[in-house]
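The values are calculated or read from the model by the stated rules, or taken from the named source; none is laboratory data. Just so it is clear, the model here is predicted, and its values are computed rather than measured. Note: ideal-geometry Cβ built from the backbone for every residue, glycine included; neighbour counts use all protein chains shown. In case anyone asks, the SASA skips ligands and DNA or RNA and just uses the protein heavy atoms, side chains included. Shrake-Rupley method; radii C 1.70, N 1.55, O 1.52, S 1.80 Å.
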Amino acid sequence: MKRSLMGRLWPNLVAVVIFVFCVFPVYWMFATAFKPTGDIIAEDPVWFPTNATLEHFKTAIDADHFWTMVGNSVIVTVLAVVFSLIIGVTAAFALARMRFKGRRGFIIGFMLAQMAPWEVMVIAIYIIVRDADMLNSLIPLTLFYMVMILPFTLLTLRGFVAAVPKELEESAMVDGCTRMQAFRRVILPLLAPGLMSTSLFGFITAWNEFPLALVLNKEAEAKTLPIWLSSFQTAFGDDWGATMAAASLFAVPILVLFVFLQRRAVAGLTDGAVKG
Amino acid sequence: MTVQKTERPPSGPTEVQTPEGGPRPSDPRKEPRRLAGLTPYLLLAPAIVATLLLLGWPLVNNGILSFQNLNMRQFILHLTEWNGFDNYKDVLTGEDFWRVTGRSVVFTAVNVVLIMALGTLVGLLLARLGRKMRTFLLLGLVLAWAMPVVAASTVYQWLFAQRFGVVNWILAKIGFESMADHDWLATQYSTFFVVLLLIVWMSIPFVAINLYAATTTIPKELYEAAALDGAGAIKQFTQVTLPYLKPFLYATTFLEIIWVFKAFVQVFTINEGGPDRLTEILPVYAYIEGMGNQHFGMGAAIALLTIIILLAITSFYLRIVLKQEEDEL
């Protein structure tokens, strides 16, 4: 009896320890962002922001060009995701539904492209963009982000298209639709959840991208938020309150998206497990 | 990079497809045969053109640059000076490259071993927990997983800050008085320790959550059969769980190797490869040599050598993935 009680207790204890390890940095970011500076530099840490203040968020938002950079990040991210969805869904349809020469080769090619070493190619990309006279522009960033998320979008959507029963499409065609119409009216609506999760993953990649943005857009007007955040500490010295407020502002959209998305992803995985 | 983490995401149940074999008799509108044959290529064209242009061209360009003597002067004057294999000769005969490569390999190995071991343990723990506790732990894992890498690295700088950093405070409290004012980013190993902790923290959720999801697909009968044969908990693990999860563990390990090997952002944002360039791993080394010191040709040569190493790792990974998806392709 005693053993089974212990046997039930220890996994829960370990789980609590792991939970704290996972969550503490995230908690500490938010907690610091809300603490008055006096509490942040107290001799003993103040574990909970009892005298919560918004002054650090104000400092972060009042920083030069903050809203320009928010705008830049939003534009680049949204456009990259939209373009890659448009290009990706048509290609996914071909790869999932048609048989043609080289199909397997294309799939392997995109799998390889998914592992592309973007971190290492910054020098070559920098020279190309400079020669095209496009440094400090949002266009190259948008295009590169689009291609960065394209293989993932395309390969994932391929799975979603393949999961739509072929009969639906065929019966639409019997009812007089062309193949394209059948795709648009029957398959596309059914792909909505797939489009949703792939675009969220794409959004996260583009929103977070660091090396290319660092190299290509050095002028404040053309910077994106990750670069702003990483240079924040240099600009504000040891103003940890403002830095953590900035980090919180940057992270919140992703944290919200991810928690929402994770439920879908896990549901999708278990669905696949049950049906597969 | 964080996001590529979600490599095998909610792709629904995929069905084995039947060959297309041209228009069927039941199709009401038969497209002209020749056009129908071209359709898949037309649908694929935008994706292929974009990828070749924006991924292929930088790769080729990197190769071209690596055979050029391209420093600040040539860069400003737009000069093209070919120097054959000089960059490679310099890189491969110099000490730095081999030192950085060795460091990258050890760094990757330590990270991946920790990530896989701890991630697997947490995944198995998830499977053992009750429903409420599991949801609770999953929430924690998802929060760590979701933290954007630049935000996370800023937080880690704050956790390990010399003054008022909470880690130093705790260490001093539990008896390591000398740690009260410790500067973590002053030496090579302690900087690597902070980076390592950051990477392990960010990576465990992916392994744990996916491993847990994989364990839920193991048929219960296998355990029952093993129990009938008198296998204990450990034996059940080594003889049922492990073999069943083997393909998954292989693929995940390779993915983690690739990701950690390329971990530019974590290393760069924590301390830009410092102190004294002692925490540069290959991608950071290529960046600092190429962009920072403006030896663009040299940087491109280092980048190409890094890509070759990555390609070797990737091809192993692809072979496994392709084997798994054989019937799906």
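With every protein chain in place, what's the accessible area of A:PHE19 (1.4 Å probe, Å², nearest 10)?
For A:PHE19, solvent-accessible area is about 40 Å².
Please say if the protein assembly as shown is rounded, prolate or oblate, where rounded means a/c under 1.5 for a ≥ b ≥ c the square roots of the C-alpha gyration tensor eigenvalues, and otherwise the choice is prolate for a/b larger than b/c and oblate otherwise?
Working: a/c = 1.61, a/b = 1.14, b/c = 1.41.
Oblate is the answer for the protein assembly as shown, as a/c is 1.5 or above yet b/c matches or exceeds a/b.
Can you tell me the length gained on complete extension of the stretch A:THR178 to A:VAL256, counting 0.36 nm per residue apart and subtracting the Cα distance? Please report the intermediate quantities before stating the final value.
Values: separation 78, 0.36 × 78 = 28.08 nm, distance 4.03 nm.
Full extension of this stretch gives 24.1 nm more.
Accessible area of the protein assembly as shown with a 1.4 Å probe: how many percent of it is carbon plus sulfur? Mind dumping the intermediate values first?
Details: 17890 of 27010 Å².
Solvent-exposed carbon and sulfur of the protein assembly as shown make up 66 percent of the total.
Let me know the mean shielding of A:210-218 by other chains, meaning the per-residue number of their Cβ atoms within 10 Å of its Cβ.
Numbers: counts 10, 9, 0, 0, 6, 3, 0, 0, 0.
Per residue, the number of nearby Cβ atoms from other chains is 3 on average.
From the phi angles alone, apply the Karplus equation (6.51, -1.76, 1.60; θ = phi - 60°) to region A:99-108 and give each ³J(HN,Hα) in whole Hz, x where the residue is Gly or Pro.
Running phi through 6.51 cos²θ - 1.76 cosθ + 1.60 with θ = phi - 60° gives 10, 7, 5, x, 4, 4, x, 5, 4, 4 Hz.
Compute the accessible area of each residue in region B:148-183 twice, once for its chain alone and once with every protein chain present, using a 1.4 Å probe on heavy atoms, and list those whose area falls by at least 50 Å².
SASA drop of 50 Å² or more in region B:148-183: B:PRO148, B:VAL150, B:THR154, B:VAL155, B:TRP158, B:PHE164, B:VAL166, B:TRP169.
Give me a single rounded figure for A:232-242: the average over its residues of other chain Cβ atoms within 10 Å of their Cβ. Could the numbers behind the result be given before it?
On the way: counts 2, 5, 0, 0, 0, 0, 5, 0, 8, 1, 0.
Partner Cβ neighbours, averaged per residue: 2.
What do you reckon, how do A:GLU219, B:GLU280 stack up by accessible area (1.4 Å probe), largest on top?
Numbers: A:GLU219 105, B:GLU280 5 Å².
I get A:GLU219, B:GLU280, largest accessible area first.
What figure, in Å² to the nearest 10, do you get for the accessible area of A:GLU55 with a 1.4 Å probe and non-protein molecules left out?
Result for A:GLU55: roughly 90 Å² accessible.
Which entries of B:LYS220/B:LYS246; B:LYS246/B:LYS323; B:LYS132/B:LYS235 show an alpha-carbon separation above 21 angstrom in the structure shown?
Numbers: B:LYS220/B:LYS246 17 Å; B:LYS246/B:LYS323 13 Å; B:LYS132/B:LYS235 28 Å.
Pairs exceeding 21 Å: B:LYS132/B:LYS235.
Between the helical axis of A:240-275 and the dominant principal axis of chain A, each derived from Cα atoms, what acute angle in degrees is found, rounded to the nearest 10?
40
What's the angle, to the nearest 10 degrees (0 to 90), between helix A:66-97's Cα axis and the longest principal axis of chain A?
Helix A:66-97 sits roughly 30 degrees off the main axis of chain A.
What number comes out for the charge environment of B:ASN69, summing +1 per Lys or Arg and -1 per Asp or Glu over other residues with Cβ under 15 Å away? Intermediate values should be presented prior to the final figure.
Values: positive: B:ARG73, B:LYS89; negative: B:GLU81, B:ASP86, B:ASP90, B:GLU289.
After counting each charged neighbour, the total is -2.
When only C-alpha pairs under 8 Å and at least 6 residues apart count, what is the relative contact order of region B:49-195, in percent?
Details: 67 pairs, mean separation 12.8, N = 147.
The normalised contact order for region B:49-195 reaches 9 percent.
Sorted by accessible area (1.4 Å probe), largest first, how do A:LEU168, B:LEU53 line up? Working shown, then result.
Working: A:LEU168 75, B:LEU53 115 Å².
I get B:LEU53, A:LEU168, largest accessible area first.
Among the complete DSSP H segments of chain B, which ones combine at least 18 Å of alpha-carbon extent along their axis with a mean Kyte-Doolittle hydropathy of 0.0 or more?
On the way: long enough: B:33-51 (29 Å, 1.03); B:95-128 (50 Å, 1.19); B:131-146 (22 Å, 1.04); B:188-215 (39 Å, 1.65); B:242-261 (27 Å, 1.16); B:296-324 (40 Å, 1.81).
Flagged H segments are B:33-51, B:95-128, B:131-146, B:188-215, B:242-261, B:296-324.
Taking H placed 1.01 Å from N in the peptide plane, check which residues at least 5 places from B:GLN68 or on another chain put their amide H under 5 Å from its amide H.
B:ASN83
In deg cm²/dmol, rounded to 500, what helix-only [θ] at 222 nm does the protein assembly as shown give when every DSSP H run of at least 4 residues adds -39500 (n - 2.57) and the total is split over its residues?
Mean residue ellipticity, 222 nm, calculated: -23000 deg cm²/dmol.
Give me the one-decimal nm value for the distance between modelled label points at B:GLN74 and B:TRP57, 7 Å along each residue's Cα-to-Cβ direction.
Between B:GLN74 and B:TRP57, the label points sit 2.2 nm apart.
Exceeding 24 Å between C-alpha atoms, which entries from my cross-link table qualify? They are A:LYS35/A:LYS58; A:LYS35/B:LYS173; A:LYS35/A:LYS218.
Working: A:LYS35/A:LYS58 13 Å; A:LYS35/B:LYS173 22 Å; A:LYS35/A:LYS218 32 Å.
From the list (A:LYS35/A:LYS58; A:LYS35/B:LYS173; A:LYS35/A:LYS218), the Cα-Cα distance tops 24 Å for A:LYS35/A:LYS218.
Give, in nm to one decimal, the length gained when the segment between B:LEU311 and B:THR93 is fully stretched (0.36 nm per residue of separation minus the Cα-Cα distance). Spell out each step's value before the answer.
On the way: separation 218, 0.36 × 218 = 78.48 nm, distance 2.24 nm.
So the extension gain works out to 76.2 nm.
Within 10 Å of each Cβ in A:87-99, how many Cβ atoms from other chains are there, averaged over the peptide?
Rounded to a whole number, the mean comes out at 6.
Send over a whole-number figure in Å² for the accessible area per residue of region A:5-52, probe 1.4 Å. Present the calculation step by step, with values, prior to reporting the outcome.
On the way: 2650 Å² over 48 residues.
Heavy-atom SASA per residue in region A:5-52 reads 55 Å².
With a ≥ b ≥ c the root eigenvalues of the C-alpha gyration tensor of chain B, is it rounded (a/c under 1.5), prolate (a/b larger than b/c) or oblate?
Working: a/c = 2.21, a/b = 1.06, b/c = 2.07.
The shape class here is oblate.
At a probe of 1.4 Å, how much accessible area disappears from chains A and B on forming the pair, both sides counted, to the nearest 100 Å²? Before the final figure, lay out the partial values.
Details: alone 16550 and 20630 Å², together 27010 Å².
Protein heavy atoms only, the A-B interface buries about 10200 Å².
Give me the distance in nm between label points sitting 7 Å out from Cα along the Cα-to-Cβ direction at B:ALA117 and B:ASN83, one decimal.
Between B:ALA117 and B:ASN83, the label points sit 4.4 nm apart.
State the Cα centre-to-centre distance between region A:23-44 and region A:140-204 in whole Å.
About 44 Å separates the Cα centre of region A:23-44 from the one of region A:140-204.
Using label points projected 7 Å from each Cα along Cα→Cβ, tell me how many nm separate B:ALA231 and A:ALA220, to one decimal.
According to this spin-label approximation, the distance is 6.5 nm.
Hey, if we sort B:TYR41, B:TYR250, B:TYR189, B:TYR287 by accessible area with the 1.4 Å probe, largest down, what's the order? Let's see the in-between values first.
Details: B:TYR41 75, B:TYR250 120, B:TYR189 180, B:TYR287 25 Å².
In descending accessible area the options line up as B:TYR189, B:TYR250, B:TYR41, B:TYR287.
So how tilted is helix A:138-163 from the main axis of chain A? Cα-based, degrees 0 to 90, rounded to 10.
Approximately 60 degrees, to the nearest ten.
How much of A:LYS166 can a 1.4 Å solvent probe reach, expressed as accessible area in Å² and rounded to 10?
40
Please work out the average accessible area per residue across region B:94-294, using the 1.4 Å probe convention, and give it in Å².
Values: 8410 Å² over 201 residues.
On a per-residue basis, region B:94-294 sits at 42 Å².
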